[in-house]
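To start, the structure under review is shown below, and the notes come after it.
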Amino acid sequence: MSLNQWRKFAFFDKKIVKNESGEPFDALKPYKIWASSSGRGKLFFGDADGVIIVMDQRLEVFTFRAHLLRVSHLCMMKQQNFLVSVGDDDGDAELLIKVWNFDKMDASGTPTCARIIRLPAETSREPVTCFTVHENLNYMAIGYSNGSVVLFKGDITKERNASKHIQIHKGKSPITGLSFRPTTTGKGGIALYISSLDEIWSYAIGSRDKESESILDHHGCALQCSTMTDSTVDFQFVIGRSDAFYFYLPDSRGQCLAFGGEKVLLEWCHGYLVVVSKKDDSDGRASSSDSLGGDMQIITIYDVKNKLIAYYGPVQEVKALLCEWGSVFVLCNDNKLFQIKEKELVQKLDMLFRKNLYSLAISLAKAQHYDQDALVDMFRQYADHLYSKGDFDEAMSQYIKTIGRLEPSYVIRQFLDAQRIHNLTAYLSALHECNLASEDHTTLLLNCYTKLKDVEQLDRFIMKRSANKAVSFDIETAIRVLRQSGYFKHALYLSELHQKHDWYLRIQLEDNKDYRKALDYMAKLEFAAVEANMRTYGKMLMSNVSLETTELLKRLCSNYGTDTNSDGEEIVLHANPEDYFHIFITHSEEMRSFLECVLAVRSDLAPELHNTLLGLYLESYKKCTADVAAAKERAGLEEKIMDFLRGTEPRNYTQALLQCQMNNFAPGILFLYEQKAMYGEILQFAVDRKSYDGVISTCRRFGEKDPQLWVQAFWFYASNFGEYDKALIGEVLKVIEKLNLLQPMMVVDILAKNPNATLDTIRDYIIRRMHTDERKILEDEAQVQKYREKTEKIRKEVDLMKSGAQTFQDANCSACDKSLELPSVHFLCRHSYHQHCFESYAENDECPACRPENRKILDEIKTQEQSKDLTQQFMTRLGKENDAFSVVADYFGKGLFGRNVSIDDLIRPNGES
Amino acid sequence: MSYAYLFKYIIIGDTGVGKSCLLLQFTDKRFQPVHDLTIGVEFGARMITIAGKQIKLQIWDTAGQESFRSITRSYYRGAAGALLVYDITRRDTFEHLTNWLEDARQHSSSNMVIMLIGNKCDLESRREVKKEEGEAFAREHGMIFMEASAKTAQNVEEAFINTAKEIYDKIQEGVFDIQNEANGIKLGPEHASPGVGGGGAGARGPGSSSQSGGCC
């Protein structure tokens, strides 16, 4: 039989209630307790003399007379401070119900009687066996020994509402128990359970008077052997019979606990079923206590939820069980009061741990809303225990419950063994489920999956979990691990989903070698991502799928969509083409098309790009040059290059030129020279090639802009005398002559350098020149003669002035134009003045009339003398003027090349007479 | 929660075959590897849907031990369906089926739908009873048969629901007298006719006749 029992524990301690002095509590001794109830922190006892004894937690007792003869039933409300008593008030055995209001005490400290209800006449003479009041004070039921039940409806505390009472049940056997099912939750609403000796009924009290009675069972229970449970077991009615406890729902039977023994008293107390039963003969311990007297009973406390016996012990014959202050109070027949007090949870758990009953401990702790940390610790202990027993699966399921509180490494370390990789995997995935996994955990989990080759799990982990974006692991780590273990598909999926473009491309390119896919992927990305990734992977892509890569690059660098900048303006996104040049190494074809495309679209690029493209053109041109067959292509290319050179805006000519030169692209070189007006170079180019026609045509074309070309041409022709059409040199000479570019002597000199040159080439020229010169000499000589004569004349004049006498014949003053009078002043310039006129006009000893003229001359001389930077001026003029010689002469005259005659010397002779 | 019908079930079979675990799996969707012995009768309930109708299942899970037989027998009465469970890894539990069946037929209404369940089918390596044997036994006694595992939840739902379907079909065929609650079928609140709701004239009838099964 013991096997068919629940586990027994000592979760309660029984002790006799003692007062302050340590003596057993004996205040109840004088009374003959007939009824009892408890609630709102007090115990109530009704005695056979009609007195109600009220006892509080400090064991203080007060009494008041409630009935004249006897208190037969008491019912204390839990929610309101009302006590309802049933008792005799006269010898006639007519019972009265009294409602006591404990909130309204009268002067002597006794509660007021709110109402007295007389029992209905037709049943009042029957002995009342049961009595119960619903907590809402609206229902009250009385059971009689003749098997009838009377229900009172309406507020029982108020006289006015004459509550109606109806007989709701009439059975054959005495009523033994009445309980209201208090709740209205679920279906059925409030119900009254009725137990008689033979049957169990439930009476549904509907709100709309749809009241019905239904039988629940065909066997009943003894008096006091039924009780109402609480919400923890859904307010079932429970009865105790000798074979078992039976539970009832309002509409059906519920569970049944087969605990044998004759029950005496049932009470539901804080989720426990407290049962007093007669001692079981089969129980050896109980019989051994016979010495205490034959009326020993056993008190058992069942925890129905957790399926255990929380307390089990003998007790003297019990009169009443009361439930208050978290304890069970047992009133024995001899009025001794025992308290059965529940132990602290910690103590209980301790007991369970000692017996390794962890799961029980956990459910117990949970039921009592135990602290979470402590619970976790219990899980851990349980798991450790299971682990030590070798039950790894179970241990793991416990460890999983510790997630979030217990350091994961503690668990992981224990399961690192390859044998337990399944458990480890479970733990790790649970860890991820809770978003508590670190990078290492992800790595480990993925490693587990890959080790187990559990692709399905892996799929689920990767695909499902990440699909809803609520990622519970570190993506990068996951990708790395998957990649390392060769699960590229998963890695790709992850990286695509989470936009780890770098990873995606790396895997696609380096592992899968699926360049096309990588490229397609890249093409879908945002600008910044493409820009960066192309830089990294472009080379690889180019070497494999060059065409598509080029296309993408073109798009990237020309117009990759638009974006709005911070100012809200639309800007076209494009990358800097130069960043991608390295990709094109050994792919000049692609690069050419790339650059063509980019340059066509964009105008903001550095000139170097043009040069690069030019370089590419030239390179391919050069290649064609080598190949005779590609003449046509070459021509086309040449055209293209020229177009290119012509078509674009000012750019770095030097670079372009250099490239053309390097690649020996004549048209380009010439074009560029022309653009830069480097005619000499053009000529030189022709010269270098000994292109006689070229030289002359160059001269013809550019001679006007740079006459010196002719000179150069002349040099060229002269030095290559005889190898060309003589007419050419004649033309050159003609121009030289016309523009007087060279002195005849030099022409002769130049020509003389070439031994092959013949005089007849230049004979005409020389003759012409000589004639010209001759004529000029003659002209000059005539001029010289003229000046000489003039000079002579002046000199004579000066001499005259110096030595000869001067006659001043002016009769009038040069100033006032009146006839001169003495004193007068006469100047060599033949001006005469009155003394006073002169003084009034003159500033110094000069002739006032001549003074402005003199001053002008003097100033000029002075200026010439003073100009210190004449050299500079001279040089510029020398450069500017055609006839350098005349400039030199001019300056010579101005005394540039030596100290001039003193001006003072020139002026002195004009002094005063 | 309102329902169209309420079916009462009972789970029977030798001790340790996994009756309580089947119930736990069905009502709570969990498995408890270490399960205490059932002392008496446990109770569970769940709503299911059949043919678009809400059906409430009230299930009594009985103790398998012989010593509780007298108590559990009283629960046969008023059950519309029974799950007769054996353990495929224990031959003796299969051999006791005849006794159980006899007991069930004797104490229950003759229309009770009985489903035979070979539990623990996840333990294939320890199998002692062939599936074919179970099938044959079921066929012979007019039962539905299914192998299930309370641990993996395989066929657990199906076992309960198929039984309910069978009962439902029988109701449609008119085999069951649904006004008689002794058959273990109750109409839901919205279906209840005044006769049924009114205090159980029908329910009281069979009470006296089958009282002998209650306790002795």
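The values are calculated or read from the model by the stated rules, or taken from the named source; none is laboratory data. Quick caveat: nothing in here was measured; it's all calculated off a predicted structure. All Cβ positions, even for glycine, are placed from backbone atoms using ideal geometry, and neighbour counts span all protein chains on display.
Side notes on the structure shown:
- Residue check for B:Glu147: among the charged types (D, E, K, R) and touching a residue at least 40 places away in the same chain (Cβ under 8 Å): yes
- Selection status of B:Ser74, facing chain A (nearest Cβ under 9 Å) and without any contact (Cβ under 8 Å) to a residue 12 or more places away in the chain: no
- Of all residues in segment B:30-64, those satisfying the criterion of being surrounded by fewer than 22 Cβ atoms within 10 Å (Cβ to Cβ), assigned to a strand (DSSP E or B) and away from chain A (no Cβ under 11 Å) are B:Arg46, B:Met47, B:Ile48, B:Thr49, B:Ile50, B:Lys53, B:Gln54.
- Helices (runs of 4 or more DSSP H) fully within segment B:123-216 counting 1 or more residues that are modelled with pLDDT of 75 or more, farther than 17 Å from B:Ala104 by Cβ and more than 12 Å from chain A (Cβ to nearest Cβ): B:131-140, B:156-173
- Of all residues in segment B:1-20, those being assigned to a loop (DSSP other than H, G, I, E, B) and within 14 Å of chain A (Cβ to nearest Cβ) number 6.
- Residues (surrounded by fewer than 15 Cβ atoms within 10 Å (Cβ to Cβ) and at pLDDT 70 or above) located in segment A:643-657: A:Asp643, A:Thr654
- Contact annotation: residue pairs with Cβ atoms under 8 Å, 6 or more positions apart or on different chains, pairing a residue in segment A:811-822 that is of a type in the set (D, E, K, R) with a partner that is modelled with pLDDT of 75 or more, are A:Lys818/A:Asn812; A:Lys818/A:His834; A:Glu821/A:His834.
- Single residue of A:Leu509, A:Leu482, A:Leu494 found to be under 23 Å from A:Glu548 (Cβ atoms) and part of a helix (DSSP H, G or I): A:Leu509
- Checked against the criterion of being at pLDDT 85 or above, within 28 Å of A:Leu257 (Cβ to Cβ), in contact with a Phe, Trp or Tyr (Cβ under 9 Å, 6 or more places away or on another chain) and of a type in the set (Ser, Thr, Tyr), segment A:45-64 contains not a single residue that satisfies it.
- Residue satisfying all of: in segment B:131-151; farther than 29 Å from B:Leu187 by Cα and out of contact with any helix residue (DSSP H, G or I) (no Cβ under 9 Å at 6 or more places or on another chain); surrounded by the most Cβ atoms within 10 Å (Cβ to Cβ) among these: B:Ala138
- Any hit, segment A:191-200, residues being at pLDDT below 80 and either surrounded by fewer than 18 Cβ atoms within 10 Å (Cβ to Cβ) or more than 14 Å from chain B (Cβ to nearest Cβ) (or both): no
- Selection count where residues are within 12 Å of chain B (Cβ to nearest Cβ), under 18 Å from B:Ile39 (Cβ atoms) and not hydrophobic (A, V, I, L, M, F, W, C), scope segment A:241-278: 9
- Meets criteria (among the small types (Gly, Ala, Ser), in a helix (DSSP H, G or I) and within 14 Å of another protein chain (Cβ to nearest Cβ)) for B:Ser67: yes
- Scope segment B:115-141; condition more than 15 Å from B:Val17 (Cβ to Cβ) and either among the basic types (Lys, Arg) or in contact (Cβ under 8 Å) with a residue 24 or more places away in the chain (or both); matching residues: B:Lys130, B:Lys131, B:Glu133, B:Arg139, B:His141
- Those strands (runs of 3 or more DSSP E) lying entirely in segment A:307-409 with at least 3 residues within 14 Å of chain B (Cβ to nearest Cβ) and crowded, with 18+ Cβ neighbours inside 10 Å: none
- With respect to the conditions (1) free of Cβ contacts under 8 Å to residues at least 40 places away in the same chain; (2) within 18 Å of B:Ile114 (Cα to Cα); (3) more than 13 Å from chain A (Cβ to nearest Cβ), B:Leu23 falls short on a single one, namely (3).
- Just one of the numbered conditions (1) part of a helix (DSSP H, G or I); (2) closer than 14 Å to B:Thr15 by Cα; (3) within 14 Å of another protein chain (Cβ to nearest Cβ); (4) of a type in the set (D, E, K, R) is not true of B:Asp92: (3).
- Residues that are within 14 Å of chain B (Cβ to nearest Cβ) and in contact with a Phe, Trp or Tyr (Cβ under 6 Å, 6 or more places away or on another chain), drawn from segment A:215-240: A:Ile215, A:Leu216, A:Thr229, A:Gln236, A:Phe237, A:Val238, A:Ile239
- Selected residue [modelled with pLDDT of 70 or more, under 20 Å from A:Glu407 (Cα atoms), surrounded by 13 or more Cβ atoms within 10 Å (Cβ to Cβ) and in contact with a helix residue (DSSP H, G or I) (Cβ under 8 Å, 6 or more places away or on another chain)] from A:Thr450, A:Thr442: A:Thr442
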